[in-house]
Structures are given as C-alpha cells and as structure tokens.
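To start, the structure itself, in structure tokens.
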Amino acid sequence: MLGDYVKETRSKRGLSQAELAKLADLSPSFICRIEKGDYKSVTLASLSKLSRALKVSVHEMSNLVLEKGPKDDLLKKTPYEIINELSLSLPAIVPVYADIDSKQIIEYAFVPRELAVDGGREMKLIGIKSSDLEYGNIVHKGDIIICGKDMQPSPGDLCLKMEGEQMIIAPYNKKEDIFALIIQVVRVVKHLN
C-alpha cells in the first residue's frame, strides 16, 4: 500500500528515486525498499521526511503503514514511540504577531502538528496577521499567515519577501532571498451578531 502510494506520488511529481531521496534527506536504497513494500522498520522521522518531500500528509502515510501489518505489530511499539505518535496528533500552537516587524504576540493559532515537524524536530513557525498583505484568492486582509523562518522553499512556493521597502507575498524564484516560507493561511471569518 505505502510503496504504491510513494511510487505513484513520486511519479506524479516527476521525480526519480534519487531525486526524492535527496529532497527527503534519505538514502536512495531506502526509497527503493519503501517502493518495493519493505517498510516494516520505517520510523516516524523517516516518514515525516518522506511526506514533506512529497508534500503529502504524514498521517496519511502512517495509516498506509498500519494497513499493511497485523494489528499485533502495534503492541511492539516502545512507550517513547507511542508518546511521540500521540504528540504528533495534537495541534501545534503558533504565536501570531500584529505584523512582520512586531514583537508583540496578539494571539495564538493552532495548526496540524505535521506542519510543525520536520524530520522529527520541531520547526520554528510564526504567525503574522495580514493587515495589509493580500495575494489573489489565497490571502485576504485579516488572515493569519503561518510561516516557517528557517525552511528552504521549492520553486513556486508562496513566500514573504521584500520588494524595495515593502514586504509582499509572491511565489519563490530560485534567485531571490525570502523572509519566510508560507506554510498555511488561517482564514479569519467575522461572526455576525
């Protein structure tokens, strides 16, 4: 199940096994083993790296691993593995700032934990209230933009970057510096009283 899913998703993205291995920071032999269906000993950290490189949900991939093995395999997990999986299912709490230069937290946003984990380590995410930032039908004024500060974007990923003296949202181009990679947009809807 997982092997077919990885192979199909990799092919749709136009990646070779070697390219996927490099993107995921995993060995090419590991990718080959996964696609052949040998993934009994795959760790959550490896799945997280693979899901990030394929831009798919780590939960979806872990469910495919569990579908393959018998139920009693779940009993062989260490307490650390069980606690780690439970913590990954909880939402991450991200501080939200009034604008890019602000140091004052105005609220907190909750995002799926898989967005905040990269290869088993927590990433530094920040939220910014988009008081004057807009981008097509994706970001509206007042939305919260969840950004990763120390992440390497792929071409076409939406990023915050400087244009002259002004911060803008634009797709990533290999030749430019960015302020942060946009991970998620939290739509803020006004309630009617």
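None of the figures in this text is laboratory data; all of them are computed from the coordinates on show. Since this is a predicted model, take the numbers as computed values, not measurements. Every residue, glycine as well, gets a Cβ built from its backbone with ideal geometry; the counts of neighbours run over all protein chains shown.
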With R₀ set to 30 angstrom, the calculated FRET efficiency between the beta-carbons of MET162 and CYS32, to the nearest 0.05, is 0.10
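Counting only other residues whose beta carbon sits under 9 Å from that of TYR97, what net charge do I get with K and R as +1, D and E as -1?
Values: positive: LYS103, LYS129; negative: ASP99, ASP101.
For residues surrounding TYR97, the net value is 0.
If neighbour count is taken as other Cβ atoms inside 10 Å, put TYR97, TYR108 in order from fewest to most. Intermediate values should be presented prior to the final figure.
On the way: TYR97 17, TYR108 11.
Lowest to highest Cβ neighbour count: TYR108, TYR97.
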For ILE178, what is the net charge nearby, where nearby means another residue's Cβ is under 14 Å from its Cβ and Lys, Arg count +1, Asp, Glu -1?
-1
What is the distance, in nm, between label points placed 7 Å from the Cα along the Cα-to-Cβ direction at ARG113 and at ASP4?
2.9
